[in-house]
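Colleague: One structure coming up, written as structure tokens, with questions to follow.
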Amino acid sequence: MTKQSREARNTAVRITRTADDVELYFPPLRAPEVALPLAAFGVIAAAMPGIAIIALLPLAVANAGNLLGASLLGGFVVPFVAFGGFIVAVAIYMLANALRVRVSAGAIDTARLVFGVVVRRRRLDRNDIVAVQPEIPSRYQSLFSSVPSYQLVARDRHARRVVVAETLRGEALMEEVKALIENPAAPATQGAPTS
């Protein structure tokens, strides 16, 4: 394995082994190639209609007909500004969120962090887990790469879905992390990004 591919893997997931469990940490800023173009799109989607509204404001106060026309146009354009703002907020979330997963013989515990603050915790007992399945979510796919980005979802017998790994670039890394989640006691494979 080349030094460059090991570095790319280390930005996607940090694996820490202890005597009893394995911790997977998916840090913030792990998918900037997806979030930054999304943010740029959101800024453009908000700015273009915003500029049009600003350009029409001086004309709107000229008379009642112009005010009515500007109001109708504004009612049509303002949702695009809100949509652009929402897209920028999603991009910021994609950059700021992290996932910490602790895998032990008895359970899988996850914690979603945004700006370092835990916003959601989930726990699945090993006896309840039916399967750990890979998915290719569209939100983490880059237009500039042909390598898919995977997430792993644990499903339990109560039909709950819990994301236990994400932004895993390529099938080899996905399979390696999946095997680690399914059997945390297994020895580390050569080249695994452990710390």
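FYI, it's all coordinate maths here, none of it is from the lab. Just so we're clear, the structure is a prediction, and the values are computed from it rather than from any experiment. With ideal geometry, Cβ positions are generated from the backbone for all residues, glycine too; neighbour counts draw on all protein chains shown.
Colleague: With a 10 Å radius around each residue's Cβ, average the other Cβ atoms per peptide and rank 74-80, 85-91, highest first.
Modeller: Going by the mean number of other Cβ atoms within 10 Å, highest first, we get 85-91, 74-80.
Colleague: Run the Debye formula on the Cα coordinates of the chain, all scatterers equal and no solvent, and tell me log10 I(q)/I(0) at q = 0.14, 0.16 1/Å.
Modeller: At q = 0.14, 0.16 Å⁻¹ the computed log10 ratios are -0.83, -1.00.
Colleague: Next up: If you place +1 on the Cβ of every Lys and Arg, -1 on the Cβ of every Asp and Glu, and leave all else neutral, what size is the dipole of the chain about its Cα centre, to the nearest 20 Debye?
Modeller: Numbers: 21 positive and 15 negative charges, 54 e Å.
For the chain, the charge dipole is close to 260 debye.
Colleague: Next question, about the same structure. Ranked from highest to lowest mean number of other Cβ atoms within 10 Å per residue, what is the order of the peptides 170-180, 31-41?
Modeller: Those peptides, ordered most packed to least, come out 170-180, 31-41.
Colleague: Then there's this: Which helices, taking whole DSSP H runs in the chain, have alpha carbons extending 30 angstrom or more along the helix axis plus mean Kyte-Doolittle at least -1.0?
Modeller: Details: long enough: 32-60 (41 Å, 1.92); 64-96 (46 Å, 1.92).
The qualifying helices are 32-60, 64-96.
Colleague: Would you mind ranking 160, 30 so that the residue whose beta carbon has the fewest other beta carbons within 10 Å leads the list?
Modeller: Starting with the residue having the fewest Cβ neighbours, the order is 160, 30.
Colleague: For n ≥ 4 DSSP H runs only, could you compute -39500 (n - 2.57) per run for the chain, divide by its residues and tell me the 222 nm figure to the nearest 500?
Modeller: Mean residue ellipticity, 222 nm, calculated: -15000 deg cm²/dmol.
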